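Trainee: Sending over a structure as C-alpha cells; questions will come in a sec.
Computed from the coordinates by the stated procedures, all read-outs in this text should not be read as laboratory data. Note that the structure is predicted; figures quoted are calculated from it, not measured. Heads up, the Cβs are rebuilt from the backbone with ideal geometry, glycines too, and the neighbour counts pull from every protein chain shown.
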Amino acid sequence: MRELSERFLFTLSLCDRFGYWLPSGILMMMQEMGGRHGQMLGLGRAELLAKNAVWVLARNEYRLYRLPQPGDIIIARTYPGLARRGLYPRYHTFQLENGTLLAEGIGGWTLCDITTRRMANLPEIAALMPDTSDLPKPLGSFPAAVEMLEGETIEALRELRYCDVDVNGHVNNTRSGDWICDMLGPERLKGRPVRHLVINYSREIREGDPVDLSLTLRDDRFSMACRRDGELLLCCGGELGL
C-alpha cells in the first residue's frame, strides 16, 4: 500500500474557542496517520523497537487554505517520500468530499536509537519504503527551514506537565502547536487562524526544568523559540489569517 487514505468526521473537539482547526489537531492527524501507514508497511513502532529505534520528528510544516466546519467529512491522504541524509519525508493532504482542498502538510522524520538518543542508521528501513516518486509533493520535497523574525519579543516560562510527555519519554511534537497558540493568545488569533506553520525540532525535550519561550511578531507573521538553559530546543514560524 503506497498511500493511506482515511475519512474522518470534523468535530468541535478539533476546534479552538473561535471554531478554528487547532494547529495541534492538524499536527496530531499528520502524526497518527503516518504512524498507521508505517505500521501497514512494516515500519511501525513495534518493528522499530525490535531494532532499538523509534521515529522522531525533525521538521514539520502545514499550510491551511480553508477552515472545515463541524460535521464536515474530511478525506485525509498520506504517503512517504524518498529519504535523504537520514531524513524521511511524509506528505499529507486534507480535502472535503467534493474535492475542496483544506490543507497540505509535510513532515521530516528521522530514526532515533533509544539507548544513545542519537540518529540511527537503518538502511533496511529505507529499503521498505514504497516508490512514490510519481505522486505530488505538497509544499515541496522537504519541510522548510524556520525564518526567525527580529524585533520585540514576548517571553514566558513554560512548565512541563504530565500530558506534555508521550510514550517515547519526551514532549510530543504536537504540543508545540498548543504552545504557539497560548503565546499568541485570543487577541491575536481572533479572526486570524494559523494558516501556515513551520516547526524545526533541534533537541529532544525531556522532562525536567521549565522551558523558556520567546515570541516575535511582525504584522501577520510570527516566530517562536523554545530554549532551556540557553540551548535551542525548537523553533517555529508562520503566518496568521485566511
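Trainee: Here are the criteria: (1) touching a residue at least 60 places away in the same chain (Cβ under 8 Å); (2) within 16 Å of the chain's Cα centre (by Cα); (3) outside any strand (DSSP E or B). Tell me which single one residue 242 does not satisfy.
Mentor: Condition (2) is where residue 242 drops out.
Trainee: Could I ask something else about it? Only one residue in 198, 165, 211, 171 is closer than 25 Å to residue 53 by Cα, hydrophobic (A, V, I, L, M, F, W, C) and surrounded by 20 or more Cβ atoms within 10 Å (Cβ to Cβ). Which one?
Mentor: The match here is 171.
Trainee: Further question: Check 153, 132, 174 and return the single one that is among the β-branched types (Val, Ile, Thr) and out of contact with any strand residue (DSSP E or B) (no Cβ under 6 Å at 6 or more places or on another chain).
Mentor: It is 174.
Trainee: On the basis of being free of Cβ contacts under 8 Å to residues at least 24 places away in the same chain, over 21 Å from the mean Cα position of the chain (by Cα) and part of a loop (DSSP other than H, G, I, E, B), does residue 98 make the cut?
Mentor: yes
Trainee: Then there is this: On the given criteria, is residue 57 under 16 Å from the mean Cα position of the chain (by Cα) and in contact (Cβ under 8 Å) with a residue 24 or more places away in the chain?
Mentor: Here the answer is yes, as residue 57 does meet what is asked.
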